[in-house]
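Contents: one structure, followed by commentary.
A short reminder: the numbers here are calculations on the coordinates, not readings from a lab. Just so we're clear, the structure is a prediction, and the values are computed from it rather than from any experiment.
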Amino acid sequence: QVQLVESGGGLVQPGGSLMLSCAASGSIFSINVMGWYRQAPGKQRELVATITSSGRTNYADSAKGRFTISRDNAKSTVYLRMNSLKPEDTAVYYCHAPHIQHYDATYSAYWGQGTQVTVST
């Protein structure tokens, strides 16, 4: 079993910054891709950014230039630095690992429980 635990959400004013963290723990042999998704009220969950174990990144257009994804492979942790936040960034942010390899050579996908980010005055 694997757990993804997010932290770092909260209330921030427009133009402010936040750093989200997501730590994976449990039966993990390797994790290829880790990523962040978000879901605003009444909207579908959408990709924010992903990063591979080798550091290759991919960003949604809405995140380019403002958000930075990074990871610490030794700690099985992925981060999302969010700058210049806007009210439209308000959402629940979810950590996702779609392809975790376990020690028995099987693979599974996991989501975190989500962390709320609210951008408001």
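Show which lysines lie in cross-link reach of residue 43 when reach means a straight Cα distance below 27 angstrom and same-chain residues fewer than eight apart are skipped.
Within the straight-line limit of under 27 Å, residue 43 reaches these lysines: 64, 86.
Work out from phi, with θ = phi - 60° and the Karplus expression 6.51 cos²θ - 1.76 cosθ + 1.60, the ³J(HN,Hα) of each residue of region 84-97, listed in order in whole Hz, and give x for Gly and Pro.
3J(HN,Hα) across region 84-97, in whole Hz: 6, 5, 10, x, 6, 7, 4, 4, 8, 9, 10, 8, 9, 10.
Could you give each residue of region 98-112 its phi-based ³J(HN,Hα) in whole Hz, using Karplus coefficients 6.51, -1.76, 1.60 with θ = phi - 60°, and x for Gly or Pro?
x, 8, 8, 8, 8, 5, 8, 6, 8, 10, 8, 10, 9, 10, x
Which values of log₁₀ I(q)/I(0), to two decimal places, follow from the Debye formula for region 23-74 at q = 0.14, 0.16, 0.30 Å⁻¹ with a uniform point scatterer at every Cα?
Summing over Cα pairs of region 23-74 leads to -0.43, -0.54, -1.19.
Tell me, in nm to one decimal, what length is gained between residue 40 and residue 74 on full extension, where the rule is 0.36 nm per residue of separation less the Cα-Cα distance?
So the extension gain works out to 9.1 nm.
Please work out the Cα center distance from region 65-95 to region 1-23, rounded to the nearest Å.
Rounded to whole Å, the Cα centres lie 7 Å apart.
Taking amide H atoms as placed 1.01 Å from N in the peptide plane, list the residues 5 or more away in sequence, or in a different chain, whose amide H sits under 5 Å from that of residue 16.
Those qualifying (amide H under 5 Å, at least 5 residues apart or on another chain) are 85.
Using only the alpha carbons, work out the radius of gyration and Dmax of the chain in angstrom.
14.1, 49
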